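These notes concern the structure reproduced below.
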Amino acid sequence: MNPMQAVSHRIQELLMDRGLSVNALAGICGICQSSLHSILKGYQENISISMVQKICDGLEINLTEFFSSELFRDTPGEW
């Protein structure tokens, strides 16, 4: 799994844990729904840390909690 796939999977995990839809999270975060869908579907090849921070803010977690997932432990590739 590459880093972008790990980010996508992590967001999906957090959405399921909180019972939120993608559209609800987009509204909470102030992110365009199409941008969030592109990240989750793997259409967007790069995501900025500021975008991840907005998502974390909407989910009321910090970056450390976001990246503490097992998904990122063995993720090869460049960031």
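When the helices (runs of 4 or more DSSP H) confined to the stretch 3-45 are screened for residues that are touching a Leu at 6+ places or on another chain (Cβ under 8 Å), closer than 18 Å to Glu70 by Cα and without any contact (Cβ under 8 Å) to a residue 12 or more places away in the chain, those reaching at least 1 such residues are found at 3-18.
Filtering the stretch 38-68 to residues that are open to solvent by less than 70 Å² (accessible area, probe 1.4 Å) and closer than 14 Å to Met4 by Cα leaves Ser38, Ile39, Leu40, Gly42, Gln44, Ile47, Ser48, Met51, Val52, Phe66, Phe67.
The values are calculated or read from the model by the stated rules, or taken from the named source; none is laboratory data. All values reported here derive from a predicted model rather than from experimental measurement. As a convention, Cβ positions derive from the backbone with ideal geometry for all residues, glycine included, and neighbour counts pool all protein chains shown. These area figures cover heavy atoms from the full protein model, side chains too; ligands, DNA and RNA do not enter into them. Shrake-Rupley method; radii C 1.70, N 1.55, O 1.52, S 1.80 Å.
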